[in-house]
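**Student:** I'd like to ask some things about the structure below.
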Amino acid sequence: MSQTTPDPHERLRERYARIVAQLEPLYAKVRDPQARMASAAALLHHKMPHFFWTGFYRLEDGDLIVGPYQGPIACMVLERHTGVCWASVDRGEPVLVADVHAFPGHIACDAASRSELVVPILRDGKVLGVIDLDSPDLARFDADDAQGIEALAGLLSTRI
Ligand code: SME
């Protein structure tokens, strides 16, 4: 009998797929965007033990304002066009940062954060906000995380 070692990349991709699949029926019950973002942050944070901060920044009247999140208290408003979240908004694409100390303008809401992944939530080419993940470990996020979070952002783009 042959036994195959599960591929860690495959396992991670499956975990993200399960999270998205778990949220879809929950979103069918409640339309409120805050409730939907709060449920996504809670689910992600608890299913992904390597996430130190998991949450949302919403683009409101030109400001990035914190949305539902899990983890230590964070900056409520981010200085415009500075840091990783704004880089993702301005580029309209995910930003993966292996070492936040090496990212010019990085906003350190908590000194323990060492790596970060930010993915924009887009609707019709317009940025609604971002999903922001922080880890206390260097280079903790990779392309699989970016893809998994992009799938979640895709779900949220029509649900918030
Ligand atoms: N580090 C982010 C700010 C948000 S916190 O990580 C929660 C940034 O540089 O935009």
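The values are calculated or read from the model by the stated rules, or taken from the named source; none is laboratory data. The structure presented is a predicted model; accordingly, all values stated were derived computationally and were not measured. Here Cβ is always computed from backbone atoms with ideal geometry, including for glycine, and neighbour counts include all displayed protein chains. Side chains are part of the model used for accessible areas, which takes the heavy atoms of the whole protein and leaves out ligands, DNA and RNA. Shrake-Rupley method; radii C 1.70, N 1.55, O 1.52, S 1.80 Å.
**Student:** Could you grab the pairs with beta carbons closer than 8 Å, sequence gap of 6+ or different chains, first residue in region 91-120 and over 21 Å from M76 (Cβ atoms), second one open to solvent by 70 Å² or more (accessible area, probe 1.4 Å) and within 12 Å of the ligand (Cβ to nearest atom)?
**Tutor:** Note: pairs meeting the criteria are R114/H101.
**Student:** So, of the residues in region 117-160 that are assigned to a helix (DSSP H, G or I) and among the polar types (S, T, N, Q), which turns out to be surrounded by the most Cβ atoms within 10 Å (Cβ to Cβ)?
**Tutor:** S157
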